[in-house]
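Just so it is clear, none of the values below were taken in a lab; they were calculated from the coordinates. Fair warning: this is a prediction, and the values are worked out from it, not measured in the lab.
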Amino acid sequence: MIKAAAKLPLLETLHLTRCCTFPKEVFHEVGKSCPLLISLKYNESLSPNPYIPCNDDALVIAEAMPGLRHLQLVGNQLTDSGLRAILNGCPHLESLDLSECRHLYLRGGLEKRCVDQVKSLKLPDPPMRDRFPKPYATPFDYYKKITRY
């Protein structure tokens, strides 16, 4: 990916769907090598554990891709702090799709900031944890309890 990005300095749009997770260095190099990048779709990355919050992608995107206008991170593990970093680092965002991002709570005025800053916004449904009875932290825990093998 890094070698390909280095050969595509005029790249404006990059779509990665249902692919493996990339080390943060890959996104950093893509951002550095492709300064005209305005649209990134990185959806449903095949993370080793989707139930663990992780802001690595968000932080690198915020740092390395300040010119983004369209960002889609469906199913990403970012948290509120990762979203804040994206809003700070990518001030020109016009569209943002965070569907199925289960670790976002949009606390501390974050939802209002998203609405005010981004023209076309798709926020996630309530966090996955809220959909299952307590004390189950993840859907896996819930189904493990009710399913007999």
Show me, for the range 115-122, the HN-Hα J-couplings you get by feeding each phi into the Karplus relation (A = 6.51, B = -1.76, C = 1.60, θ = phi - 60°), rounded to Hz, glycine and proline as x.
4, 6, 8, 10, 5, 10, 10, 10
If amide hydrogens are placed 1.01 Å from N in the peptide plane, which non-local residues have theirs closer than 5 Å to the one on L16?
K41, Y42, N43
May I ask which of K7/K122; K7/K41; K3/K122 have a Cα-Cα span longer than 27 Å here?
K7/K122; K3/K122
Expected vector for the range 96-104, Karplus 3J(HN,Hα) from phi with 6.51, -1.76, 1.60 and θ = phi - 60°, integer Hz, x for Gly and Pro, equals 9, 10, 10, 4, 6, 7, 6, 9, 8
From phi via Karplus (6.51, -1.76, 1.60), per-residue ³J(HN,Hα) for the range 29-36 in Hz, x at Gly/Pro
5, 4, x, 6, 7, 10, x, 8
